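The values are calculated or read from the model by the stated rules, or taken from the named source; none is laboratory data. Nothing here was measured: the structure is a model prediction, and the numbers come from that model. Here the Cβ positions follow ideal geometry from the backbone for every residue, glycine too, while neighbour counts run over all protein chains shown. We work out accessible area using only protein heavy atoms, side chains counted, and drop any ligands, DNA or RNA first. Shrake-Rupley method; radii C 1.70, N 1.55, O 1.52, S 1.80 Å.
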Amino acid sequence: MPCEGSDWLMSQTFPEVIGGVIRHPACDLYSELPPTDSYSCLSSLIYLQWIHYLALVNYIVAHESQVDNSSEFLNSTPHRRHPGITSLKTVQLPQPLEQAAQVLIHQAPGSQLAERAQSLCNFLWSRKRAVGDRAIQERAVELEKRIREREQQRAEGPLEQSRLEEKVRKQVLSELRKTTYHWKPLRYNEELSLIYLAARLDGGYAAVSRALHEIKKRVPDFAPQTLLDFGSGTGTVAWAAHTMWGQSLREYVCVDSSASMNKLADLLLRGGSETEDPHIRGVYFRQFLPVSPKVQFDLVVSAFSLSELPSASERLSSIQTLWRKTSDFLVLIENGTKEGHSILMEARDIILKGEDKVTHDPRRGSVFAPCPHDAPCPKLSEKIQLPCNFPQAYRPLQLRWNTDRSFEKFSFVILQRGSGDETKQWHRIVQPVLRRVKHVHCHLCCANGTLQHVVVTTSKHTRYKIKPRLLYRCVCKAFC
């Protein structure tokens with residue numbers, strides 16, 4: 001008499017029994033069949049389910065890219081100190097910066113600061129690029145053609161030309177209003193600058209610190225003396241750079257079009273009081289970029305600023321100007337959204353193509369991070385496009401509405417003058433690793449410009465005799 005669940009069992013693709021040995025048809029997985037007198041029908045069912053699971057796991061491993069485990073890449077170094085690990089632990093604001101921010105926020109007049117700060121965060125996260133006139137015209141022509149054909153098909157008889165044109169025009173305008181993003185510039189006065197401070201100081205600092213740490217970790221001998229911060233805002237780039245290279249940096253040029261924001265950033269440097277000395281020496285605030293095209297800076301940073309430019313032509317001009325002023329590294333950071341990632345890939349392509357006619361530095365650009373290649377971004381060619389973003393944990397400002405720990409999700413790209421370093425050939429983990437029973441799934445952006453899904457197992461990546469499962473442990477601890 002068949003046991004309960006036998007109908008379900010017969011419908012599955014389970015192993016076949018050949019001479020007392022179980023073989024799964026999906027892969028070459030063999031296992032001895034337990035004695036029939038020692039297992040009940042239900043136990044046999046559970047056992048076959050387990051064999052089916054093992055077969056699927058081995059099938060996945062056999063059909064995915066495998067990791068090269070042939071080199072002693074760590075020697076005696078602990079796996080937690082793998083040189084490819086560039087992520088940071090929980091980032092915390094420097095104490096002088098946090099104290100100054102607390103002073104300014106508590107001195108602020110008015111109420112509902114928490115609600116307004118959250119509203120500004122949501123607005124900035126969903127913000128898109130300004131749509132250019134050319135893009136709107138192309139969209140209008142496409143809509144006009146489609147709507148005209150549709151109206152002509154619906155009409156029972158010939159339509160008057162004037163009536164048809166009026167009807168098409170109204171529908172095109174209506175569709176454009178619904179589908180076109182209505183970009184408006186943000187005017188940062190004293191009030192809005194303070195709201196931005198409460199909303200974005202801590203998260204912005206965490207994202208900048210994580211991006212700059214990529215350079216600090218991989219190029220430990222890099223000691224910049226000059227810094228240019230485009231769209232400096234509250235000055236988080238200057239604080240993060242001072243934390244990394246405070247001993248070598250002697251000049252910080254912070255450029256922001258808002259005089260109120262520059263004043264606020266200066267107050268943060270002075271502990272919230274105009275009479276105090278600045279905590280960081282050599283910081284200069286400007287509303288415009290330096291005029292001389294020959295002046296270069298060791299480190300140039302633009303954090304969450306390209307999305308605030310009013311047109312595609314101005315973005316192009318600003319990106320080319322920033323690259324001209326870059327002596328070593330250009331760091332670009334945006335929100336970890338599709339829009340932010342697209343803005344960065346646009347800037348990346350502009351620099352790599354090298355179409356700027358005005359140049360005083362003949363060295364070409366290359367991608368330093370996070371891409372391990374200079375090829376087009378493979379994520380943009382997928383059917384379902386997902387942004388390449390990275391999470392960074394941080395401790396928010398100690399305000400009553402904040403939690404003890406938050407995450408900043410951001411996208412970034414670092415470009416450098418000249419060729420890249422040897423670590424650029426390492427694959428980059430672009431999604432959080434999926435830890436499963438005795439195996440780990442990794443999604444990699446590879447040096448050949450492709451995306452790969454790699455499975456690392458405990459059984460196939462244990463060639464190290466002194467420290468078994470070392471590669472498996474490295475991957476388990478990895479974080480994009």
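So that you can scan it fast, the table gives a plain yes or no per residue for (1) open to solvent by 30 Å² or more (accessible area, probe 1.4 Å); (2) in contact with a helix residue (DSSP H, G or I) (Cβ under 9 Å, 6 or more places away or on another chain); (3) in a loop (DSSP other than H, G, I, E, B):
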site: L264; (1), (2), (3): no, yes, no
site: Y284; (1), (2), (3): yes, no, no
site: P310; (1), (2), (3): yes, no, yes
site: E334; (1), (2), (3): no, yes, no
site: D361; (1), (2), (3): no, yes, yes
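Inside region 293-304, can you point out the residues that are open to solvent by less than 50 Å² (accessible area, probe 1.4 Å) and either farther than 17 Å from R250 by Cβ or modelled with pLDDT under 95 (or both)? Give the derivation first.
Keep residues of region 293-304 that are open to solvent by less than 50 Å² (accessible area, probe 1.4 Å), which gives 297-304.
Listed by number, the residues that qualify are S302, A303, F304.
Which one of these does L399 not meet: (1) open to solvent by 20 Å² or more (accessible area, probe 1.4 Å); (2) within 30 Å of L113 (Cβ to Cβ)?
(1)
Looking at R116, R129, which one is open to solvent by 50 Å² or more (accessible area, probe 1.4 Å), in contact (Cβ under 8 Å) with a residue 60 or more places away in the chain and assigned to a loop (DSSP other than H, G, I, E, B)? Break it down stepwise before answering.
Details: R116 fails: assigned to a loop (DSSP other than H, G, I, E, B).
When all the criteria are applied, what remains is R129.
Suppose we filter A198, A223, A211 for residues that are closer than 23 Å to Q416 by Cβ and either without any contact (Cβ under 8 Å) to a residue 12 or more places away in the chain or open to solvent by less than 10 Å² (accessible area, probe 1.4 Å) (or both); which single one remains?
The match here is A211.
With the structure loaded, tell me whether V291 is more than 24 Å from the chain's Cα centre (by Cα), more than 27 Å from H341 (Cα to Cα) and free of Cβ contacts under 8 Å to residues at least 24 places away in the same chain or whether it fails that test.
Working: more than 24 Å from the chain's Cα centre (by Cα): yes; more than 27 Å from H341 (Cα to Cα): yes; free of Cβ contacts under 8 Å to residues at least 24 places away in the same chain: yes.
Here the answer is yes, as V291 does meet what is asked.
Quick test of your reading of the structure: V141 fulfils all but one of (1) closer than 30 Å to M345 by Cα; (2) in contact (Cβ under 8 Å) with a residue 40 or more places away in the chain. Name the failing condition by number.
(2)
Are there any pairs with C-beta distances below 9 angstrom linking a residue in region 349-376 that is on the phi > 0 side of the Ramachandran plot to a residue that is part of a loop (DSSP other than H, G, I, E, B), with the two at least 6 apart or on different chains, and if so which?
G354/R364
Of the conditions (1) open to solvent by 90 Å² or more (accessible area, probe 1.4 Å); (2) touching a helix residue (DSSP H, G or I) at 6+ places or on another chain (Cβ under 7 Å); (3) modelled with pLDDT of 90 or more, L97 clears all except one; give me its number.
(1)
Quick check on region 375-396: of everything there that is open to solvent by less than 70 Å² (accessible area, probe 1.4 Å), touching a strand residue (DSSP E or B) at 6+ places or on another chain (Cβ under 8 Å) and not in a strand (DSSP E or B), which residue is nearest to L113 (Cα to Cα)?
Out of the qualifying residues, it is P396.
Being closer than 23 Å to G204 by Cβ and either surrounded by fewer than 16 Cβ atoms within 10 Å (Cβ to Cβ) or modelled with pLDDT of 90 or more (or both) narrows it down to one residue among D421, D404; which is it?
Sole residue among the options that is closer than 23 Å to G204 by Cβ and either surrounded by fewer than 16 Cβ atoms within 10 Å (Cβ to Cβ) or modelled with pLDDT of 90 or more (or both): D404.
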